[in-house]
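**Q** Okay, handing you the structure first.
The values are calculated or read from the model by the stated rules, or taken from the named source; none is laboratory data. What you see is a predicted model, and the numbers here were worked out from it, not measured in a lab. Quick reminder, even Gly has a Cβ in these numbers, built from the backbone with ideal geometry, and neighbours come from all protein chains shown. We work out accessible area using only protein heavy atoms, side chains counted, and drop any ligands, DNA or RNA first. Shrake-Rupley method; radii C 1.70, N 1.55, O 1.52, S 1.80 Å.
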Protein chains: 2
Amino acid sequence: MRTSQYLLSTLKETPADAEVISHQLMLRAGMVRKLASGLYTWLPSGLRVLRKVEAVVREEMNRAGGVEVLMPVVQPADLWEESGRWEDYGPELCRIQDRHSRPFVLGPTHEEVVTELVRKEVSSYKQLPLNLYQIQTKFRDEIRPRFGIMRGREFTMKDAYSFHLNQECLEKTYQNMFEAYCRIFKRLGLDFRPVIADTGSIGGSASHEFHVLAESGEDDIAFSDRSDYAANIEMAEAICTQESANTPTEAMTEFDTPNAQTIADLAEQFSIAASSSIKTLIVKADEDSEHNFVALLVRGDHELNEIKAEKLDGVAAPLQFASDEEIKAEIGATPGSLGPVNLNMPIVSDRSVAVMSDFCAGANVDGKHLKGINWERDLPLPHVADIRNVQAGDPSPCGQGKLDIKRGIEVGHIFQLGDKYSQAMSAGVLGETGKHQIMTMGCYGIGVSRVVAAAIEQNNDERGIVWPEALAPFQVVLIPMNMHKSHRVAETAEKLYEDLTAVGIEVLFDDRKERPGVMFKDMELIGVPHTIVIGERGLDNQVVEYKNRKDGEKVEVAIDAMVSHIQAALTV
Amino acid sequence: MRTSQYLLSTLKETPADAEVISHQLMLRAGMVRKLASGLYTWLPSGLRVLRKVEAVVREEMNRAGGVEVLMPVVQPADLWEESGRWEDYGPELCRIQDRHSRPFVLGPTHEEVVTELVRKEVSSYKQLPLNLYQIQTKFRDEIRPRFGIMRGREFTMKDAYSFHLNQECLEKTYQNMFEAYCRIFKRLGLDFRPVIADTGSIGGSASHEFHVLAESGEDDIAFSDRSDYAANIEMAEAICTQESANTPTEAMTEFDTPNAQTIADLAEQFSIAASSSIKTLIVKADEDSEHNFVALLVRGDHELNEIKAEKLDGVAAPLQFASDEEIKAEIGATPGSLGPVNLNMPIVSDRSVAVMSDFCAGANVDGKHLKGINWERDLPLPHVADIRNVQAGDPSPCGQGKLDIKRGIEVGHIFQLGDKYSQAMSAGVLGETGKHQIMTMGCYGIGVSRVVAAAIEQNNDERGIVWPEALAPFQVVLIPMNMHKSHRVAETAEKLYEDLTAVGIEVLFDDRKERPGVMFKDMELIGVPHTIVIGERGLDNQVVEYKNRKDGEKVEVAIDAMVSHIQAALTV
């Protein structure tokens, strides 16, 4: 491709409204342009990258036995009524009407449509398992689209749906997809982790997220420094290695703490370590409970994990914290002075709290705390559960190594759905014994367009994008210096362009009438892995310069040897 | 691909609501399934064909200098207000609101979005010409979606938009696109014609449609039997080779025609040839005219061309015929007795009417006609224009040969748009002299999904689809007879499957436990060009059967020679 016939559209300045580096670089490198909030046009370079992601995803899905279909963007509302999501799905579901005032939706996902298809087309267990996928345009009406295509409203997704006679068969395909996803992200050259994930509102029994590791990620991932274990922090189990509390050494005493509202205040004013204090958090009880509230205890240096907490029996889901007024009315004290002693409500203690001794907590009287508290002696040990977030340095729940915590960008998600949709929509087949059986389903998504942004978050430097080879919009950029003045430079550039494209190498030939400095800057911004620079001076010795975008390595190469030099340098 | 892992979904019966053959066969062969009116899911075989069309379109667009982008489906309404189409575009434009009640549309086409992009990204004549295209999902809310994907609501389209400094440059790209379109449809193996077309509501100065010839086509195309000339019947010029009327031989006389309301009645009751009669059609005059109506005269054996008629000065557009009541009130006679003599309104005569002599027409008195009418002698010659449809056998307007008329399916359309959108949206660049200049535009569409249906309309027989090689979902189908009973058959089939796929041939391996008859029927329905049948009997002699779907040719081929036999048979 010649830049003169291309839409290069690089920007010198960073657009003011682009917060994250991938958004900034995608705008500056001319990969996308905003049409409206959360709606982006893919410019030629961006689209080339998107297509490369698609191609790898397609190849690996096919290899793993997936069969590609294409379902409509616009879906009839009645299917969503049948699944129950017409009610349950929030305003991210864009509901529209056609010219006859019939209700439709813009598909944010396709469980309903694919279940409708399969219940009509598949009637016997002999046709199972079946794994249908598509690479297609989705629309989710995000309340606050941001970070460019990272959280846009219209985006490209690979969504796959598998159908099975039983859980065992589902688990086989699930494992198959797990491995396919690992191959995909590996081939794309990304540093990623599959992590154990929460199944959330989509339902189902098991789930993994695939995260590209990057500082700007929205999710915290905990992983072992000695094994493959990795989990979304929401899901990582906090292990307590201490088996029981130490023997008490102090008496329980009340003391005045008029100016201490927080764990930090106690540490500062009374030299009480955060790890010797307890945080007492009051949340609403489940509707069926005889109590209104539940108290949750975590160590002063730990954080409550809300996902774990809302799964506790007797606790309302989603988790709702009691207001200051409600706490005052129920306990007679304000949040800064709460504690488990003489607290008249169900109490759940984190595992690490249950092994504390001689600890400190609020006295349930404003301005007063208790210290030297000990379980069993001063109060009964409450119900114990894992309700805290893991921290870096915690032992890994897999039993090997310690946990490290990094930020990740979710680019894939696989679910064992079970029969949530097949049951609601009566999708069954005749089983081996001739009995009608509801199918078991899995679903497997990859945010194809988000992968592009995530790859940039992970691969950039102060000069621009540094594409992994598999994703680069071009493999080679050809920069002839002052070719419009030098016939020799022009001739050599044209010849190299021809020779490289002839062997199937994707070349961007910068044939603009621009100063070399402008060309270098643009091409480094776009981040093509291999650069060839052609200048008058080298031509005297029949050499041109090769430059590697990633390590900055520069070498002079004989013109005749350049094609094989590039071929040797290509890793994909 | 093994059928056991595939979604074959063939149907024995023709679905009742499928009217045209392509719709019937696409359903029966398991290519698409209806989700809702005008909304179809592409099943695996259908999608494979769709992707082949896409690939050829993409290759030829790239070769012709097109640069691929991807614009959103959802478009902000304000751009449509700017172009004026928010008002002008009918209910086919699906207007939606997002969660914040902001108005958007589902893009039926992308002139507005691409013009918005280019006016922001392109500032200098040096960046022109630019030809941007995409292959993307469109939505048009057809009032009566029909014929399956032939006239669906959601469909895949290749739309290209070119930007130029002047008309001359536009014409060059237009010609370039014309040639690219010819290459595309030729490579797809289709019998097609580029035809001169009406620019219609999209505006612009020149336009060609590309039609796949098929009896079920919705359009009539006139083309010369001696040259490349072809035009949509709406646009084909009707030539009159007779220079002037013959000398009158009869006197004008009135006669009673109480039971003659039509040209056919006159012929039957009075032996007056249709070619000696005149049809007088009354249409509404343009608002600016001092008259309310205009009379249009065509020969009794000709048909009015409404597109030509509505372009006449003084005639209302779109064309509106006067009602019987309006005609009675204005002329005092009913439609069956109208004629040009003593008619007090502007009259436009077709060219062929202007050279008639001794002709017959209504007397503008119910139950009476006049015969022996002659121009100049009995009434002045009115304004003469080409207002009729051409007929088979008419001289071609190109001057060579006669016209033939066939039906066609429009699969492509190219337009010289001029400045309709760039003017309305102020899309300009700095010209060579430093002056700001509005750009000139072209646009070029291909109905990618419709091509699939059109190809089937043109290529089928009583057993099913007969795919052109370039479009077939698979190149070869492998039918092992009773492989589940014969180890030899299974082994040979597996080996051939492996060998064929190893050299890149796309094979559908029918490994179902089905009777051979069922397999043959399904595979002929799907229409794969080359079939290999493996049976016990042949294996005794180390041969298998090759069968050609198109000509039914069958030959026995040595197992070892089959891969090269297939390679030789492939034309793509």
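**Q** Relative contact order, percent, of chain B when contacts are C-alpha pairs under 8 Å separated by at least 6 residues?
**A** Value for chain B: 17 percent.
**Q** Convert each backbone phi in segment B:278-291 into a coupling constant with the Karplus relation 6.51 cos²θ - 1.76 cosθ + 1.60 (shift: θ = phi - 60°), then list the ³J(HN,Hα) values in order as whole Hz, x for Gly and Pro.
**A** With the stated coefficients, segment B:278-291 comes to 10, 9, 10, 10, 9, 10, 6, 7, 4, 4, 6, 6, 7, 9 Hz.
**Q** Once you order the gyration tensor axes a ≥ b ≥ c over the Cα atoms, which shape class does the protein assembly as shown get: rounded for a/c under 1.5, otherwise prolate or oblate by comparing a/b with b/c? Walk me through the numbers on the way to the answer.
**A** Details: a/c = 1.89, a/b = 1.82, b/c = 1.04.
Because a/c hits 1.5 or more and a/b exceeds b/c, the protein assembly as shown counts as prolate.
**Q** Also, I was wondering about something else. In segment A:110-143, what residues drop by 50 Å² or more of accessible area when the other protein chains are put back, versus the chain on its own? Use 1.4 Å, and skip ligands and nucleic acids.
**A** A:117, A:121, A:143
**Q** Nearest-to-axis residue of chain A, judged by Cβ, for the A-to-B rotation, with distance in whole Å?
**A** A:96, 2
**Q** Leaving out ligands, DNA and RNA, and with a 1.4 Å probe, what % of the accessible surface on chain A is carbon or sulfur?
**A** Carbon and sulfur atoms account for 46 percent of the accessible area of chain A.
**Q** Taking the Cα atoms only, what angle lies between the long axis of helix B:448-458 and the longest principal axis of chain B, rounded to 10 degrees?
**A** 90
**Q** Kirkwood Rh over alpha-carbon pairs of segment A:76-154, then Stokes-Einstein at 10 °C and 1.306 mPa s: what D in µm² s⁻¹, rounded to an integer?
**A** 110
**Q** Let me ask another. Mind listing the label-point distances from residue B:488 to the same position on all other copies, shortest first, one decimal in nm, points 7 Å along Cα→Cβ?
**A** Nearest first, the other copies' label points are 7.3 nm away.
**Q** How large is the dipole of the protein assembly as shown about the Cα centre if only Lys and Arg carry +1 and Asp and Glu carry -1, each at its Cβ, rounded to the nearest 20 debye?
**A** Roughly 2260 debye, rounded to the nearest 20.
**Q** A further question on this structure: Where the label is 7 Å out from Cα toward Cβ, how close does residue A:243 come to the same position in every other copy, in nm, shortest first?
**A** For residue A:243, the inter-copy label distances come out at 12.2 nm.
**Q** Continuing with the same structure: Using the reciprocal of the averaged 1/r over all distinct C-alpha pairs, how large is the Kirkwood radius of chain A in Å?
**A** Result for chain A, one decimal place: 27.7 Å.
**Q** State which entries of A:52/A:420; A:138/B:172; A:52/A:495; B:513/B:550 exceed 29 angstrom in Cα-Cα distance in the structure shown.
**A** Numbers: A:52/A:420 34 Å; A:138/B:172 38 Å; A:52/A:495 27 Å; B:513/B:550 26 Å.
The answer is A:52/A:420; A:138/B:172.
**Q** Between residue A:499 and residue A:463, what FRET efficiency follows from the Cβ-Cβ distance if R0 is 30 Å, with the result rounded to 0.05?
**A** Once rounded, the FRET efficiency stands at 0.60.
**Q** Now for a different question. For n ≥ 4 DSSP H runs only, could you compute -39500 (n - 2.57) per run for chain A, divide by its residues and tell me the 222 nm figure to the nearest 500?
**A** It lands at -7500 deg cm²/dmol.
**Q** For segment A:294-452, what is the charge dipole size about the Cα centre, in debye to the nearest 20, if Lys and Arg each add +1 at the Cβ and Asp and Glu each add -1 at the Cβ?
**A** 420
**Q** Which value, in Å², gives the accessible area per residue of segment A:220-295 when a 1.4 Å probe is used on the protein heavy atoms?
**A** Heavy-atom SASA per residue in segment A:220-295 reads 58 Å².
**Q** Heavy-atom accessible area per residue, segment A:106-205, 1.4 Å probe: how many Å²?
**A** Spelled out: the 1.4 Å probe surface of segment A:106-205, per residue, equals 35 Å².
**Q** Taking the Cα atoms of segment A:105-259 alone, what are Rg (to one decimal) and Dmax (as a whole number) in Å?
**A** Using the Cα atoms of segment A:105-259, the pair Rg, Dmax is 22.4, 74 Å.
**Q** Rounded to the nearest 5, what is the percent of antiparallel bridges among the DSSP beta bridges in the protein assembly as shown?
**A** Taking every DSSP beta bridge within the protein assembly as shown, about 80 percent pair in antiparallel fashion.
**Q** Working from Cα positions, state the angle (0 to 90°, nearest 10) between the long axis of helix B:167-187 and the longest principal axis of chain B.
**A** 50
**Q** Mind ranking B:100-106, A:242-248 by how tightly packed they are, going by the mean number of other C-beta atoms within 10 angstrom, highest first?
**A** Highest mean packing first, the order is B:100-106, A:242-248.
**Q** Oh, and also: How much area per residue is accessible in segment A:464-534 when the probe is 1.4 Å and only protein heavy atoms are counted (Å²)? Display every interim value, and only then the final one.
**A** Details: 2610 Å² over 71 residues.
It amounts to 37 Å² per residue over segment A:464-534.
**Q** Using the Cα centre as the reference, give the magnitude of the dipole from point charges on the C-beta atoms of segment B:522-567 (Lys, Arg: +1; Asp, Glu: -1; all else neutral), rounded to the nearest 20 debye. Intermediate values should be presented prior to the final figure.
**A** Working: 5 positive and 9 negative charges, 31 e Å.
That gives segment B:522-567 a dipole magnitude of about 140 debye.
**Q** Right, next: Choose one of A:405, A:346, A:43: the residue whose Cα lies farthest towards the positive end of the charge dipole of chain A (beta-carbon charges +1 Lys, Arg; -1 Asp, Glu; about the Cα centre).
**A** Selected residue: A:43.
**Q** Projected onto the charge dipole of segment A:106-248 (+1 at Lys/Arg Cβ, -1 at Asp/Glu Cβ, origin at the Cα centre), which of A:230, A:242, A:145 gives the Cα projection farthest towards the positive end?
**A** A:145
**Q** Could you order the peptides A:335-344, A:255-264 from most to least packed, using the average number of other C-beta atoms within 10 Å per residue?
**A** A:335-344, A:255-264
**Q** Karplus couplings for segment A:323-339 from phi (6.51 cos²θ - 1.76 cosθ + 1.60, θ = phi - 60°), rounded to Hz, Gly and Pro as x?
**A** 7, 4, 5, 4, 5, 4, 5, 7, 10, x, 9, 8, x, x, 10, 8, x
**Q** Can you bin segment B:420-471 into rounded, prolate or oblate? Criterion: square roots of the alpha carbon gyration tensor eigenvalues sorted a ≥ b ≥ c, rounded for a/c under 1.5, prolate for a/b above b/c, oblate for the rest.
**A** prolate
**Q** Also, I was wondering about something else. Among A:525, A:466, A:476, whose Cα projects farthest towards the positive end of the dipole of segment A:456-564, with charges put on the beta-carbon of Lys, Arg (+1) and Asp, Glu (-1)?
**A** It is A:525, whose Cα lies furthest towards the positive end.
**Q** Suppose the chain between residue A:102 and residue A:287 were pulled fully straight at 0.36 nm per residue; how much longer would it get relative to their current alpha carbon spacing?
**A** Between residue A:102 and residue A:287, full extension yields 62.8 nm more.
**Q** Using a 10 Å cut-off on Cβ to Cβ distances, tally the other chain neighbours for every residue of A:30-41 and report the average as a whole number. Let's see the in-between values first.
**A** Values: counts 1, 0, 2, 6, 0, 9, 12, 4, 3, 9, 3, 12.
The shielding value for this peptide is 5.
**Q** Per residue of B:72-84, what is the mean number of Cβ atoms on other protein chains within 10 angstrom of that residue's Cβ?
**A** 3
**Q** When you have a sec, figure out the Kirkwood radius of segment A:397-532 from all distinct Cα pair distances and drop it here in Å to one decimal? List each step's numbers first, then the result.
**A** Values: mean 1/r = 0.0500 Å⁻¹.
Roughly 20.0 Å, rounded to one decimal.
**Q** Next up: Can you work out ³J(HN,Hα) from phi for every residue in segment A:404-412, in order, using Karplus 6.51 cos²θ - 1.76 cosθ + 1.60 and θ = phi - 60°, giving whole Hz and x for Gly and Pro?
**A** Each residue's phi maps through the Karplus curve to give 10, 10, 10, 8, x, 10, 6, 10, x Hz.
**Q** Ok, one more. Within 10 Å of each Cβ in peptide B:59-70, how many partner chain Cβ atoms are there on average? Round it to a whole number, please.
**A** The mean count of partner-chain Cβ atoms within 10 Å per residue comes to 3.
**Q** Another question, if that's okay. Find every distance from the label point of residue B:499 to the corresponding label point in the other copies (7 Å from Cα along Cα→Cβ) and write them in nm, one decimal, shortest first.
**A** Distances to the matching label points in the other copies: 4.1 nm.
**Q** Right, here's the next one. How big is the B-A contact in terms of buried accessible area, both chains counted, 1.4 Å probe, rounded to the nearest 100 Å²?
**A** Adding both sides of the contact gives about 4600 Å².
**Q** On a 0 to 90 degree scale, rounded to 10, what angle separates helix B:111-121 from the longest Cα axis of chain B?
**A** Value to nearest ten degrees: 70.
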